[in-house]
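Trainee: Just passing along the structure, written as structure tokens.
Nothing in this text is a laboratory measurement; each read-out follows from the coordinates by a stated rule. This one's a predicted model, so the numbers in the text were calculated from it and none came from an experiment. Counting neighbours? That spans all protein chains shown, and the Cβs are built from the backbone with ideal geometry, glycine included.
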Amino acid sequence: MNPTNKPPKPSKPVVALAKVVKHDQVLEIKVKLAGEDVERFNDYQRAYQIAHGEPIEPGVLMLALAMEAIDSDRGFAAWRRTNPDKAA
């Protein structure tokens, strides 16, 4: 027990994903998760809600996580700089 005899306050989760801003243009992608991945995704969704104070739809969260991974990939960023042509 701590010196003040108060139970410890639960910590707010810290998620790397910033609060998501919805955009008008949407690309719909179907994703299937299985086993432990379902539990981990659901846990992340709950942690996001606690951290940012509002729920997030699974599809919006998955898109944000995918874009975060792409944005943080330095190798891809370097490749993109040297290959500026857009795909048809």
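Trainee: Using the Cα centre of the chain as origin and beta-carbon charges of +1 (Lys, Arg) and -1 (Asp, Glu), tell me which of Ser11, Thr82, Val31 is placed farthest towards the positive end of the dipole.
Mentor: Projecting each Cα onto the dipole axis, the largest value belongs to Ser11.
Trainee: Straight distance only, please: which lysines reach the Cα of Lys30 with their own Cα at less than 30 Å, same-chain residues fewer than 8 apart left out?
Mentor: Lys19, Lys22, Lys86
Trainee: Follow-up question, since we're still on this one. Volume per residue, Å³, of the convex hull around the alpha-carbon atoms of segment 14-64?
Mentor: It is 73 Å³ per residue.
Trainee: Output the 0 to 90 degree angle, nearest 10, between the alpha-carbon long axis of helix 36-52 and the longest principal axis computed from the alpha carbons of the chain.
Mentor: 70
Trainee: To continue, here is another question. Suppose the chain between Asn5 and Ala34 were pulled fully straight at 0.36 nm per residue; how much longer would it get relative to their current alpha carbon spacing?
Mentor: So the chain would gain 6.1 nm between Asn5 and Ala34.
Trainee: Please determine, in degrees from 0 to 90 and to the nearest 10, the orientation of helix 58-71 with respect to the longest principal axis defined by the Cα atoms of the chain, where the helix direction is its Cα long axis.
Mentor: 60
Trainee: Considering only the other residues whose Cβ falls under 9 Å of the Cβ of Ala51, what net charge follows from Lys and Arg at +1 and Asp and Glu at -1?
Mentor: Values: positive: Lys12, Lys19; negative: none.
Result for the local shell: +2.
Trainee: Could you estimate the translational diffusion coefficient of the chain from the Stokes-Einstein equation, with Rh from the Kirkwood formula over C-alpha pairs, at 4 °C and 1.567 mPa s, in whole µm²/s?
Mentor: Result for D is 80 µm²/s.
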